[in-house]
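Structure record follows, encoded as C-alpha coordinates.
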(Lines give C-alpha, C1' and ligand atoms only; values in the text may rest on other atoms or scores of the structure.)
Protein backbone atom coordinates (compact mmCIF):
# COMPACT_ATOMS: atom_id res chain seq x y z
CA UNK A 1 0.00 0.00 0.00
CA UNK A 2 2.89 2.34 0.82
CA UNK A 3 4.46 1.42 -2.51
CA UNK A 4 1.22 2.31 -4.28
CA UNK A 5 0.96 5.66 -2.53
CA UNK A 6 4.58 6.38 -3.39
CA UNK A 7 3.96 5.47 -7.03
CA UNK A 8 0.89 7.71 -7.07
CA UNK A 9 2.81 10.72 -5.79
CA UNK A 10 5.68 10.13 -8.22
CA UNK A 11 3.37 9.84 -11.25
CA UNK A 12 1.17 12.72 -10.10
CA UNK A 13 4.19 14.97 -9.53
CA UNK A 14 5.61 14.17 -12.98
CA UNK A 15 2.18 14.76 -14.57
CA UNK A 16 1.82 18.19 -12.97
CA UNK A 17 5.43 19.16 -13.62
CA UNK A 18 5.32 18.13 -17.28
CA UNK A 19 1.95 19.83 -17.73
CA UNK A 20 3.52 23.02 -16.39
CA UNK A 21 6.49 22.55 -18.74
CA UNK A 22 4.06 22.32 -21.70
CA UNK A 23 3.05 25.90 -20.99
CA UNK A 24 6.41 27.24 -19.86
CA UNK A 25 8.91 25.75 -22.32
CA UNK A 26 10.12 28.10 -25.04
CA UNK A 27 10.40 25.57 -27.84
CA UNK A 28 6.98 24.31 -29.06
CA UNK A 29 8.47 20.90 -29.93
CA UNK A 30 9.53 20.53 -26.30
CA UNK A 31 5.97 21.50 -25.32
CA UNK A 32 4.54 18.63 -27.34
CA UNK A 33 7.11 16.20 -25.94
CA UNK A 34 6.22 17.26 -22.38
CA UNK A 35 2.55 16.84 -23.28
CA UNK A 36 3.33 13.25 -24.27
CA UNK A 37 5.09 12.72 -20.94
CA UNK A 38 2.01 14.08 -19.17
CA UNK A 39 -0.23 11.67 -21.13
CA UNK A 40 2.00 8.78 -20.15
CA UNK A 41 1.91 9.59 -16.47
CA UNK A 42 -1.86 10.09 -16.60
CA UNK A 43 -2.07 6.58 -18.10
CA UNK A 44 0.07 5.29 -15.24
CA UNK A 45 -2.33 6.94 -12.76
CA UNK A 46 -5.24 5.18 -14.44
CA UNK A 47 -3.34 1.90 -14.09
CA UNK A 48 -2.88 2.56 -10.37
CA UNK A 49 -6.64 2.81 -9.80
CA UNK A 50 -7.12 -0.40 -11.78
CA UNK A 51 -8.54 1.13 -14.96
CA UNK A 52 -6.19 -0.69 -17.33
CA UNK A 53 -8.49 -0.38 -20.36
CA UNK A 54 -8.72 3.43 -20.12
CA UNK A 55 -4.95 3.61 -19.56
CA UNK A 56 -4.19 1.64 -22.74
CA UNK A 57 -6.76 3.57 -24.80
CA UNK A 58 -5.25 6.84 -23.55
CA UNK A 59 -1.82 5.75 -24.75
CA UNK A 60 -3.10 4.40 -28.08
CA UNK A 61 -5.31 7.36 -28.99
CA UNK A 62 -3.52 10.33 -27.50
CA UNK A 63 0.12 9.29 -27.51
CA UNK A 64 -0.01 7.01 -30.53
CA UNK A 65 -2.10 9.14 -32.87
CA UNK A 66 -3.07 12.64 -31.66
CA UNK A 67 0.32 13.66 -30.29
CA UNK A 68 2.11 12.27 -33.36
CA UNK A 69 0.05 14.60 -35.54
CA UNK A 70 0.67 17.50 -33.11
CA UNK A 71 4.39 16.88 -33.34
CA UNK A 72 4.09 16.53 -37.09
CA UNK A 73 2.50 19.97 -37.41
CA UNK A 74 4.58 21.76 -34.79
CA UNK A 75 7.87 20.54 -36.27
CA UNK A 76 6.98 22.09 -39.61
CA UNK A 77 5.99 25.46 -38.18
CA UNK A 78 8.58 28.19 -38.35
CA UNK A 79 7.66 29.94 -35.13
CA UNK A 80 9.18 33.25 -34.16
CA UNK A 81 9.39 33.05 -30.39
CA UNK A 82 9.87 36.76 -29.67
CA UNK A 83 6.71 37.57 -31.62
CA UNK A 84 4.82 35.00 -29.59
CA UNK A 85 6.07 36.53 -26.35
CA UNK A 86 4.85 39.99 -27.33
CA UNK A 87 1.21 38.91 -27.41
CA UNK A 88 1.46 37.23 -24.00
CA UNK A 89 0.07 40.05 -21.84
CA UNK A 90 -2.71 40.72 -24.32
CA UNK A 91 -4.01 37.14 -24.19
CA UNK A 92 -3.28 36.51 -20.52
CA UNK A 93 -6.64 37.75 -19.06
CA UNK A 94 -8.70 35.68 -21.52
CA UNK A 95 -6.56 32.59 -20.93
CA UNK A 96 -6.72 33.00 -17.16
CA UNK A 97 -10.49 33.40 -17.30
CA UNK A 98 -10.95 30.21 -19.34
CA UNK A 99 -8.59 28.36 -17.02
CA UNK A 100 -10.51 29.54 -13.96
CA UNK A 101 -13.86 28.50 -15.48
CA UNK A 102 -12.61 25.02 -16.36
CA UNK A 103 -11.06 24.58 -12.92
CA UNK A 104 -14.28 25.66 -11.18
CA UNK A 105 -16.30 23.27 -13.35
CA UNK A 106 -13.98 20.42 -12.44
CA UNK A 107 -14.34 21.15 -8.73
CA UNK A 108 -18.14 21.36 -9.05
CA UNK A 109 -18.30 18.20 -11.13
CA UNK A 110 -16.27 16.12 -8.69
CA UNK A 111 -18.31 17.56 -5.82
CA UNK A 112 -15.61 19.05 -3.63
CA UNK A 113 -17.52 22.35 -3.75
CA UNK A 114 -21.34 22.27 -3.69
CA UNK A 115 -23.26 19.08 -4.54
CA UNK A 116 -22.04 17.62 -7.81
CA UNK A 117 -23.67 14.62 -9.41
CA UNK A 118 -20.70 12.36 -8.82
CA UNK A 119 -19.05 12.64 -5.44
CA UNK A 120 -15.81 10.93 -4.62
CA UNK A 121 -17.64 8.46 -2.38
CA UNK A 122 -19.94 7.50 -5.24
CA UNK A 123 -16.94 6.95 -7.51
CA UNK A 124 -15.35 4.72 -4.89
CA UNK A 125 -18.43 2.52 -4.49
CA UNK A 126 -18.64 2.20 -8.27
CA UNK A 127 -15.01 1.12 -8.30
CA UNK A 128 -15.71 -1.60 -5.76
CA UNK A 129 -18.45 -3.06 -7.94
CA UNK A 130 -16.41 -2.95 -11.11
CA UNK A 131 -13.41 -4.84 -9.76
CA UNK A 132 -15.48 -8.03 -9.63
CA UNK A 133 -15.20 -8.30 -13.44
CA UNK A 134 -12.33 -6.89 -15.46
CA UNK A 135 -13.03 -3.38 -16.58
CA UNK A 136 -12.90 -3.98 -20.35
CA UNK A 137 -15.90 -6.26 -19.92
CA UNK A 138 -17.57 -3.78 -17.57
CA UNK A 139 -17.30 -0.96 -20.13
CA UNK A 140 -18.51 -3.25 -22.89
CA UNK A 141 -21.60 -4.16 -20.89
CA UNK A 142 -22.82 -0.58 -20.43
CA UNK A 143 -21.39 1.32 -23.42
CA UNK A 144 -23.67 -0.17 -26.08
CA UNK A 145 -26.74 -0.66 -23.87
CA UNK A 146 -27.17 1.88 -21.10
CA UNK A 147 -25.20 4.66 -22.78
CA UNK A 148 -26.13 3.75 -26.34
CA UNK A 149 -27.57 7.17 -27.34
CA UNK A 150 -24.74 9.11 -25.71
CA UNK A 151 -22.26 6.93 -27.55
CA UNK A 152 -24.03 7.55 -30.87
CA UNK A 153 -24.13 11.30 -30.22
CA UNK A 154 -20.40 11.30 -29.49
CA UNK A 155 -19.88 9.51 -32.80
CA UNK A 156 -22.01 12.09 -34.61
CA UNK A 157 -19.99 14.95 -33.11
CA UNK A 158 -16.83 13.35 -34.45
CA UNK A 159 -18.47 12.84 -37.84
CA UNK A 160 -19.43 16.52 -38.01
CA UNK A 161 -15.88 17.52 -37.10
CA UNK A 162 -14.53 15.22 -39.78
CA UNK A 163 -16.85 16.58 -42.49
CA UNK A 164 -15.94 20.12 -41.40
CA UNK A 165 -12.22 19.39 -41.76
CA UNK A 166 -12.77 17.90 -45.22
CA UNK A 167 -14.91 20.84 -46.37
CA UNK A 168 -12.28 23.31 -45.16
CA UNK A 169 -9.39 21.66 -46.95
CA UNK A 170 -11.01 20.21 -50.07
CA UNK A 171 -10.52 22.32 -53.15
CA UNK A 172 -10.99 21.22 -56.71
CA UNK A 173 -8.41 22.57 -59.08
CA UNK A 174 -9.22 22.38 -62.77
CA UNK A 175 -6.74 20.94 -65.20
CA UNK A 176 -5.10 18.49 -62.79
CA UNK A 177 -4.31 15.11 -64.27
CA UNK A 178 -5.06 12.55 -61.61
CA UNK A 179 -3.75 9.06 -61.48
CA UNK A 180 -6.52 6.48 -61.57
CA UNK A 181 -5.19 3.14 -60.40
CA UNK A 182 -8.25 1.26 -61.67
CA UNK A 183 -7.85 2.60 -65.23
CA UNK A 184 -4.17 1.70 -65.24
CA UNK A 185 -4.80 -1.83 -64.08
CA UNK A 186 -7.64 -2.35 -66.56
CA UNK A 187 -5.54 -1.28 -69.54
CA UNK A 188 -4.94 -4.11 -71.98
CA UNK A 189 -2.27 -4.70 -74.58
CA UNK A 190 -4.65 -3.62 -77.37
CA UNK A 191 -5.29 -0.21 -75.79
CA UNK A 192 -1.73 0.40 -74.75
CA UNK A 193 0.26 -0.31 -77.90
CA UNK A 194 -0.06 -0.31 -81.66
CA UNK A 195 2.24 -2.00 -84.10
CA UNK A 196 3.35 0.41 -86.79
CA UNK A 197 4.96 -0.65 -89.99
CA UNK A 198 7.69 1.93 -90.51
CA UNK A 199 8.70 2.43 -94.14
CA UNK A 200 12.42 2.57 -94.74
CA UNK A 201 13.73 6.18 -94.69
CA UNK A 202 10.15 7.34 -94.18
CA UNK A 203 9.98 7.58 -90.41
CA UNK A 204 6.77 7.34 -88.45
CA UNK B 1 16.38 -26.00 1.27
CA UNK B 2 14.32 -25.80 -1.92
CA UNK B 3 11.31 -24.64 0.08
CA UNK B 4 13.42 -21.82 1.53
CA UNK B 5 14.59 -20.75 -1.92
CA UNK B 6 11.01 -20.91 -3.15
CA UNK B 7 9.70 -18.69 -0.36
CA UNK B 8 12.61 -16.27 -0.88
CA UNK B 9 11.73 -15.80 -4.57
CA UNK B 10 7.96 -15.57 -4.07
CA UNK B 11 7.58 -13.52 -0.88
CA UNK B 12 10.75 -11.49 -0.22
CA UNK B 13 10.71 -8.25 -2.25
CA UNK B 14 14.39 -8.68 -3.09
CA UNK B 15 13.70 -12.20 -4.33
CA UNK B 16 10.80 -10.98 -6.47
CA UNK B 17 12.94 -8.18 -7.89
CA UNK B 18 15.73 -10.65 -8.78
CA UNK B 19 13.18 -13.00 -10.34
CA UNK B 20 11.69 -10.23 -12.51
CA UNK B 21 15.19 -9.18 -13.58
CA UNK B 22 16.04 -12.78 -14.53
CA UNK B 23 12.78 -13.09 -16.49
CA UNK B 24 13.59 -9.92 -18.42
CA UNK B 25 17.08 -11.24 -19.20
CA UNK B 26 15.62 -14.59 -20.27
CA UNK B 27 13.60 -12.73 -22.91
CA UNK B 28 16.00 -9.97 -24.02
CA UNK B 29 19.19 -12.03 -24.38
CA UNK B 30 17.68 -14.62 -26.79
CA UNK B 31 15.89 -11.74 -28.53
CA UNK B 32 19.13 -9.85 -29.16
CA UNK B 33 20.79 -13.06 -30.37
CA UNK B 34 17.80 -13.58 -32.68
CA UNK B 35 18.18 -10.02 -33.96
CA UNK B 36 21.89 -10.62 -34.67
CA UNK B 37 21.21 -13.81 -36.59
CA UNK B 38 18.18 -12.31 -38.29
CA UNK B 39 20.53 -9.82 -39.97
CA UNK B 40 22.70 -12.75 -41.05
CA UNK B 41 19.70 -14.73 -42.34
CA UNK B 42 18.42 -11.64 -44.14
CA UNK B 43 21.69 -11.15 -45.97
CA UNK B 44 21.95 -14.84 -46.84
CA UNK B 45 18.38 -14.89 -48.21
CA UNK B 46 18.88 -11.76 -50.32
CA UNK B 47 22.16 -13.20 -51.54
CA UNK B 48 20.44 -16.40 -52.64
CA UNK B 49 17.74 -14.43 -54.43
CA UNK B 50 20.39 -12.41 -56.26
CA UNK B 51 22.59 -15.49 -56.95
CA UNK B 52 25.37 -14.32 -54.64
CA UNK B 53 26.96 -16.02 -51.66
CA UNK B 54 26.35 -13.46 -48.95
CA UNK B 55 28.58 -13.17 -45.86
CA UNK B 56 30.95 -16.17 -45.86
CA UNK B 57 34.30 -14.91 -44.63
CA UNK B 58 34.05 -14.31 -40.87
CA UNK B 59 33.82 -17.67 -39.14
CA UNK B 60 32.40 -20.88 -40.63
CA UNK B 61 29.75 -20.00 -43.29
CA UNK B 62 30.14 -16.38 -42.17
CA UNK B 63 28.34 -17.19 -38.92
CA UNK B 64 30.39 -14.70 -36.91
CA UNK B 65 29.58 -11.83 -39.27
CA UNK B 66 26.85 -10.33 -37.00
CA UNK B 67 29.28 -10.33 -34.06
CA UNK B 68 31.93 -8.58 -36.15
CA UNK B 69 29.37 -6.00 -37.30
CA UNK B 70 28.20 -5.41 -33.74
CA UNK B 71 31.75 -5.00 -32.48
CA UNK B 72 32.48 -2.54 -35.28
CA UNK B 73 29.45 -0.43 -34.37
CA UNK B 74 30.40 -0.36 -30.68
CA UNK B 75 33.99 0.67 -31.37
CA UNK B 76 33.22 3.46 -33.81
CA UNK B 77 32.97 7.09 -32.76
CA UNK B 78 29.55 8.54 -31.98
CA UNK B 79 29.28 11.80 -33.85
CA UNK B 80 26.70 14.41 -32.83
CA UNK B 81 26.30 17.03 -35.57
CA UNK B 82 27.07 20.53 -34.30
CA UNK B 83 23.69 21.93 -35.37
CA UNK B 84 21.75 18.99 -33.94
CA UNK B 85 19.69 19.13 -30.77
CA UNK B 86 22.05 17.19 -28.50
CA UNK B 87 19.69 15.70 -25.92
CA UNK B 88 16.92 14.65 -28.28
CA UNK B 89 19.48 13.38 -30.80
CA UNK B 90 20.77 10.88 -28.23
CA UNK B 91 17.35 10.04 -26.73
CA UNK B 92 15.73 9.18 -30.09
CA UNK B 93 17.60 5.89 -30.76
CA UNK B 94 17.05 4.88 -27.13
CA UNK B 95 13.28 5.32 -27.55
CA UNK B 96 13.33 3.38 -30.81
CA UNK B 97 15.21 0.48 -29.20
CA UNK B 98 13.34 0.52 -25.89
CA UNK B 99 9.86 0.43 -27.42
CA UNK B 100 10.91 -2.59 -29.47
CA UNK B 101 11.98 -4.42 -26.31
CA UNK B 102 9.29 -3.59 -23.71
CA UNK B 103 6.51 -4.96 -25.91
CA UNK B 104 7.89 -8.48 -25.40
CA UNK B 105 6.65 -8.48 -21.79
CA UNK B 106 3.18 -9.69 -22.83
CA UNK B 107 4.08 -12.15 -25.62
CA UNK B 108 3.24 -15.74 -24.59
CA UNK B 109 6.04 -18.10 -25.66
CA UNK B 110 4.36 -21.22 -24.38
CA UNK B 111 1.47 -22.15 -22.13
CA UNK B 112 2.10 -19.92 -19.11
CA UNK B 113 5.50 -18.69 -20.39
CA UNK B 114 4.83 -14.98 -20.27
CA UNK B 115 6.35 -12.26 -18.09
CA UNK B 116 3.17 -10.21 -17.59
CA UNK B 117 -0.06 -12.08 -18.27
CA UNK B 118 -2.21 -8.94 -18.29
CA UNK B 119 -5.86 -8.75 -19.33
CA UNK B 120 -5.30 -6.05 -21.93
CA UNK B 121 -2.27 -7.67 -23.57
CA UNK B 122 -3.30 -6.89 -27.14
CA UNK B 123 -4.02 -3.25 -26.35
CA UNK B 124 -0.64 -3.00 -24.60
CA UNK B 125 1.13 -4.37 -27.68
CA UNK B 126 -0.82 -2.01 -29.92
CA UNK B 127 -0.01 0.96 -27.69
CA UNK B 128 3.71 0.14 -27.57
CA UNK B 129 3.97 -0.47 -31.30
CA UNK B 130 2.38 2.92 -31.92
CA UNK B 131 5.14 4.52 -29.82
CA UNK B 132 7.91 3.31 -32.11
CA UNK B 133 7.26 6.25 -34.41
CA UNK B 134 8.51 8.70 -31.76
CA UNK B 135 12.07 7.46 -31.98
CA UNK B 136 12.00 8.07 -35.71
CA UNK B 137 10.23 11.42 -35.70
CA UNK B 138 12.39 12.83 -32.90
CA UNK B 139 15.52 11.59 -34.67
CA UNK B 140 14.45 13.33 -37.85
CA UNK B 141 13.78 16.62 -36.13
CA UNK B 142 16.79 16.59 -33.80
CA UNK B 143 19.24 15.84 -36.62
CA UNK B 144 18.49 19.24 -38.17
CA UNK B 145 19.03 17.85 -41.65
CA UNK B 146 16.58 17.96 -44.54
CA UNK B 147 16.98 14.32 -45.51
CA UNK B 148 16.45 13.10 -41.97
CA UNK B 149 13.46 15.40 -41.55
CA UNK B 150 11.78 14.25 -44.77
CA UNK B 151 12.36 10.64 -43.76
CA UNK B 152 10.82 11.26 -40.36
CA UNK B 153 7.74 12.96 -41.84
CA UNK B 154 7.20 10.11 -44.26
CA UNK B 155 7.58 7.59 -41.51
CA UNK B 156 5.12 9.37 -39.20
CA UNK B 157 2.42 9.61 -41.86
CA UNK B 158 2.98 6.01 -42.93
CA UNK B 159 2.89 4.49 -39.47
CA UNK B 160 -0.23 6.41 -38.42
CA UNK B 161 -2.01 5.33 -41.62
CA UNK B 162 -1.24 1.64 -41.35
CA UNK B 163 -1.90 1.47 -37.64
CA UNK B 164 -5.58 2.08 -38.36
CA UNK B 165 -5.90 -1.11 -40.40
CA UNK B 166 -3.82 -3.09 -37.86
CA UNK B 167 -6.29 -1.89 -35.23
CA UNK B 168 -9.21 -3.26 -37.22
CA UNK B 169 -7.38 -6.57 -37.74
CA UNK B 170 -6.90 -6.83 -33.97
CA UNK B 171 -10.60 -6.07 -33.40
CA UNK B 172 -11.61 -8.90 -35.77
CA UNK B 173 -9.46 -11.38 -33.88
CA UNK B 174 -10.81 -10.09 -30.56
CA UNK B 175 -14.37 -10.63 -31.76
CA UNK B 176 -13.56 -14.26 -32.44
CA UNK B 177 -11.73 -14.81 -29.15
CA UNK B 178 -13.77 -12.75 -26.71
CA UNK B 179 -10.73 -11.71 -24.66
CA UNK B 180 -7.91 -9.18 -24.81
CA UNK B 181 -5.44 -11.57 -23.21
CA UNK B 182 -2.85 -12.95 -25.66
CA UNK B 183 -2.73 -16.36 -23.97
CA UNK B 184 -6.51 -16.63 -24.43
CA UNK B 185 -6.09 -15.78 -28.11
CA UNK B 186 -3.71 -18.73 -28.53
CA UNK B 187 -5.87 -21.09 -26.45
CA UNK B 188 -8.89 -20.23 -28.62
CA UNK B 189 -6.99 -21.54 -31.67
CA UNK B 190 -6.16 -25.03 -30.33
CA UNK B 191 -6.52 -28.06 -32.55
CA UNK B 192 -5.58 -28.72 -36.17
CA UNK B 193 -3.82 -26.04 -38.18
CA UNK B 194 -7.02 -25.16 -40.02
CA UNK B 195 -8.49 -24.08 -36.66
CA UNK B 196 -5.90 -21.30 -36.52
CA UNK B 197 -7.30 -17.94 -37.53
CA UNK B 198 -5.22 -17.59 -40.73
CA UNK B 199 -7.81 -19.61 -42.64
CA UNK B 200 -11.15 -18.17 -41.44
CA UNK B 201 -9.69 -14.65 -41.40
CA UNK B 202 -7.42 -14.99 -44.43
CA UNK B 203 -8.02 -11.47 -45.86
CA UNK B 204 -7.22 -9.98 -42.45
CA UNK B 205 -4.03 -12.05 -42.23
CA UNK B 206 -2.90 -10.63 -45.58
CA UNK B 207 -3.78 -7.08 -44.51
CA UNK B 208 -2.00 -7.62 -41.21
CA UNK B 209 1.16 -8.82 -42.89
CA UNK B 210 1.28 -5.97 -45.40
CA UNK B 211 0.56 -3.43 -42.66
CA UNK B 212 3.33 -5.02 -40.60
CA UNK B 213 5.72 -4.39 -43.49
CA UNK B 214 4.62 -0.75 -43.50
CA UNK B 215 4.86 -0.43 -39.69
CA UNK B 216 8.43 -1.68 -39.66
CA UNK B 217 9.42 0.43 -42.69
CA UNK B 218 10.44 -2.57 -44.74
CA UNK B 219 10.42 -2.96 -48.51
CA UNK B 220 8.15 -2.28 -50.41
CA UNK B 221 7.32 0.45 -47.88
CA UNK B 222 10.83 1.55 -46.89
CA UNK B 223 10.27 5.12 -48.04
CA UNK B 224 11.45 6.68 -44.74
CA UNK B 225 14.96 5.47 -45.55
CA UNK B 226 14.89 5.12 -49.31
CA UNK B 227 18.56 5.48 -50.18
CA UNK B 228 18.01 6.75 -53.70
CA UNK B 229 16.08 9.82 -52.55
CA UNK B 230 16.89 10.50 -48.90
CA UNK B 231 20.46 9.15 -48.39
CA UNK B 232 19.46 7.01 -45.39
CA UNK B 233 16.25 8.72 -44.28
CA UNK B 234 15.78 9.52 -40.63
CA UNK B 235 19.11 8.01 -39.53
CA UNK B 236 21.25 9.85 -42.07
CA UNK B 237 23.15 11.73 -39.34
CA UNK B 238 23.58 8.79 -36.99
CA UNK B 239 26.79 6.87 -36.59
CA UNK B 240 28.21 4.05 -34.49
CA UNK B 241 26.02 2.73 -31.67
CA UNK B 242 23.30 5.38 -32.03
CA UNK B 243 22.75 3.99 -35.54
CA UNK B 244 23.17 0.49 -34.11
CA UNK B 245 20.26 1.05 -31.73
CA UNK B 246 17.98 2.08 -34.60
CA UNK B 247 19.07 -0.97 -36.53
CA UNK B 248 18.53 -3.34 -33.59
CA UNK B 249 15.19 -1.69 -32.86
CA UNK B 250 14.04 -2.16 -36.44
CA UNK B 251 14.88 -5.84 -36.44
CA UNK B 252 13.43 -6.38 -32.94
CA UNK B 253 10.24 -4.72 -34.19
CA UNK B 254 10.14 -7.06 -37.18
CA UNK B 255 10.49 -10.06 -34.90
CA UNK B 256 7.83 -8.60 -32.58
CA UNK B 257 5.30 -8.14 -35.38
CA UNK B 258 6.06 -11.66 -36.62
CA UNK B 259 5.44 -12.94 -33.11
CA UNK B 260 2.18 -11.01 -33.00
CA UNK B 261 1.23 -12.53 -36.35
CA UNK B 262 2.08 -15.98 -35.03
CA UNK B 263 -0.04 -15.40 -31.91
CA UNK B 264 -3.02 -13.91 -33.70
CA UNK B 265 -3.19 -16.04 -36.84
CA UNK B 266 -0.84 -19.03 -36.63
CA UNK B 267 -1.87 -20.53 -33.31
CA UNK B 268 1.05 -19.37 -31.13
CA UNK B 269 2.66 -22.30 -29.37
CA UNK B 270 0.29 -24.97 -30.76
CA UNK B 271 1.63 -27.70 -33.02
CA UNK B 272 -0.03 -27.88 -36.44
CA UNK B 273 -1.16 -31.48 -35.90
CA UNK B 274 -2.51 -32.17 -32.39
CA UNK B 275 -1.14 -35.76 -32.17
CA UNK B 276 1.77 -37.60 -30.65
CA UNK B 277 5.11 -36.89 -32.33
CA UNK B 278 4.16 -33.25 -32.96
CA UNK B 279 2.76 -32.43 -29.54
CA UNK B 280 5.95 -33.75 -27.88
CA UNK B 281 7.93 -30.87 -29.36
CA UNK B 282 7.95 -27.97 -26.86
CA UNK B 283 5.53 -25.18 -27.71
CA UNK B 284 8.25 -22.56 -27.67
CA UNK B 285 9.93 -24.31 -30.63
CA UNK B 286 6.72 -24.25 -32.66
CA UNK B 287 6.35 -20.58 -31.79
CA UNK B 288 9.94 -19.86 -32.91
CA UNK B 289 9.38 -21.78 -36.15
CA UNK B 290 6.26 -19.74 -36.92
CA UNK B 291 8.12 -16.48 -36.24
CA UNK B 292 10.97 -17.68 -38.46
CA UNK B 293 8.49 -18.47 -41.24
CA UNK B 294 7.00 -14.96 -41.12
CA UNK B 295 10.47 -13.40 -40.97
CA UNK B 296 11.47 -15.38 -44.04
CA UNK B 297 8.52 -13.82 -45.90
CA UNK B 298 9.76 -10.39 -44.71
CA UNK B 299 13.18 -11.03 -46.30
CA UNK B 300 11.69 -12.68 -49.37
CA UNK B 301 9.52 -9.60 -49.96
CA UNK B 302 12.53 -7.33 -49.62
CA UNK B 303 14.46 -9.36 -52.13
CA UNK B 304 11.61 -9.44 -54.64
CA UNK B 305 9.52 -6.28 -54.71
CA UNK B 306 10.37 -2.74 -55.85
CA UNK B 307 9.54 0.25 -53.67
CA UNK B 308 6.10 1.87 -53.61
CA UNK B 309 5.66 5.49 -54.60
CA UNK B 310 4.60 7.60 -51.65
CA UNK B 311 1.13 8.64 -52.87
CA UNK B 312 0.38 5.05 -53.82
CA UNK B 313 1.41 3.95 -50.35
CA UNK B 314 -1.08 6.38 -48.83
CA UNK B 315 -3.76 5.33 -51.32
CA UNK B 316 -3.28 1.67 -50.39
CA UNK B 317 -3.53 2.44 -46.69
CA UNK B 318 -6.53 4.75 -46.68
CA UNK B 319 -8.54 3.81 -49.76
CA UNK B 320 -8.03 0.05 -49.88
CA UNK B 321 -7.05 -1.38 -46.50
CA UNK B 322 -9.22 0.86 -44.33
CA UNK B 323 -12.57 0.14 -46.10
CA UNK B 324 -11.76 -3.56 -46.57
CA UNK B 325 -10.76 -4.11 -42.94
CA UNK B 326 -13.71 -2.07 -41.65
CA UNK B 327 -16.08 -4.10 -43.83
CA UNK B 328 -14.52 -7.33 -42.62
CA UNK B 329 -15.02 -6.27 -38.97
CA UNK B 330 -18.73 -5.68 -39.66
CA UNK B 331 -19.00 -8.96 -41.56
CA UNK B 332 -17.25 -10.95 -38.81
CA UNK B 333 -19.43 -9.37 -36.13
CA UNK B 334 -22.58 -10.14 -38.16
CA UNK B 335 -21.58 -13.75 -38.83
CA UNK B 336 -20.65 -14.35 -35.18
CA UNK B 337 -23.85 -12.76 -33.89
CA UNK B 338 -26.34 -14.32 -36.29
CA UNK B 339 -24.53 -17.64 -36.59
CA UNK B 340 -24.58 -18.01 -32.81
CA UNK B 341 -20.78 -18.42 -32.64
CA UNK B 342 -20.11 -15.56 -30.24
CA UNK B 343 -17.50 -16.60 -27.66
CA UNK B 344 -18.95 -17.25 -24.23
CA UNK B 345 -17.84 -14.70 -21.61
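The values are calculated or read from the model by the stated rules, or taken from the named source; none is laboratory data. Predicted model, so just to flag it, every value in this text is computed and none were measured. Cβ sites come from the backbone with ideal geometry, for glycine too, and all protein chains shown count toward neighbours.
If the condition is being buried (at least 24 other Cβ atoms within 10 Å of the Cβ) and away from every other protein chain (no Cβ under 11 Å), then segment B:108-131 contributes only B:108.
Inspection of segment B:240-262 identifies at least one residue that is surrounded by fewer than 16 Cβ atoms within 10 Å (Cβ to Cβ), in contact (Cβ under 8 Å) with a residue 24 or more places away in the chain and under 21 Å from residue B:39 (Cα atoms). Filtered by the rule that a residue be part of a helix (DSSP H, G or I) and surrounded by fewer than 23 Cβ atoms within 10 Å (Cβ to Cβ), segment B:84-96 gives B:86, B:87, B:88, B:89, B:90, B:91, B:94, B:95.
As a summary of the residue check, residue B:218 satisfies the conditions (1) under 19 Å from the mean Cα position of the chain (by Cα); (2) buried (at least 23 other Cβ atoms within 10 Å of the Cβ); (3) closer than 30 Å to residue B:312 by Cα; (4) touching a residue at least 60 places away in the same chain (Cβ under 8 Å) except for the one numbered (2). The residues listed here are B:331, B:295; of these, the one that is in a helix (DSSP H, G or I), more than 13 Å from every other protein chain (Cβ to nearest Cβ) and either over 30 Å from residue B:270 (Cα atoms) or free of Cβ contacts under 8 Å to residues at least 60 places away in the same chain (or both) is B:331.
Scanning segment B:183-206 for residues that are more than 13 Å from chain A (Cβ to nearest Cβ), within 21 Å of residue B:119 (Cβ to Cβ) and assigned to a helix (DSSP H, G or I) returns B:183, B:185, B:186, B:187.
From the list A:45, A:58, A:35, A:69, the one residue that fits, being within 11 Å of chain B (Cβ to nearest Cβ) and at pLDDT 85 or above, is A:58. Is segment B:271-289 home to any residue that is assigned to a helix (DSSP H, G or I) and within 12 Å of residue B:209 (Cα to Cα)? The answer is no, given that none of the residues of segment B:271-289 is assigned to a helix (DSSP H, G or I) and within 12 Å of residue B:209 (Cα to Cα).
Scanning segment B:221-239 for residues that are closer than 18 Å to residue B:91 by Cβ and surrounded by 20 or more Cβ atoms within 10 Å (Cβ to Cβ) turns up B:234, B:235, B:236, B:237, B:238. Residue pairs whose Cβ atoms lie under 9 Å apart, separated by 6 or more positions or on different chains, with the first residue in segment A:5-28 and closer than 17 Å to residue A:92 by Cα and the second exposed (fewer than 11 other Cβ atoms within 10 Å of the Cβ), are A:26/A:81; A:26/A:85.
Look at segment B:163-182: where a residue is facing chain A (nearest Cβ under 10 Å), no partner that is part of a loop (DSSP other than H, G, I, E, B) and at pLDDT 90 or above sits 6+ places away or on another chain with Cβ atoms under 7 Å.
Please work out which residue is farthest from the other protein chains (Cβ to nearest Cβ), limiting yourself to segment B:132-149 and to residues that are surrounded by fewer than 20 Cβ atoms within 10 Å (Cβ to Cβ) and part of a helix (DSSP H, G or I). The extreme case among them is B:147. All conditions in (1) in contact with a helix residue (DSSP H, G or I) (Cβ under 8 Å, 6 or more places away or on another chain); (2) at pLDDT below 85; (3) under 21 Å from residue B:223 (Cβ atoms) hold for residue B:309, with the sole exception of (1). Evaluation of residue B:248 against the conditions (1) part of a helix (DSSP H, G or I); (2) farther than 21 Å from residue B:100 by Cα; (3) touching a helix residue (DSSP H, G or I) at 6+ places or on another chain (Cβ under 6 Å) shows that the sole unmet condition is (2).
Considering every residue within segment B:106-113, establish whether at least one is touching a helix residue (DSSP H, G or I) at 6+ places or on another chain (Cβ under 9 Å) and either free of Cβ contacts under 8 Å to residues at least 60 places away in the same chain or within 19 Å of residue A:31 (Cα to Cα) (or both). Scanning segment B:106-113 turns up no residue that is touching a helix residue (DSSP H, G or I) at 6+ places or on another chain (Cβ under 9 Å) and either free of Cβ contacts under 8 Å to residues at least 60 places away in the same chain or within 19 Å of residue A:31 (Cα to Cα) (or both).
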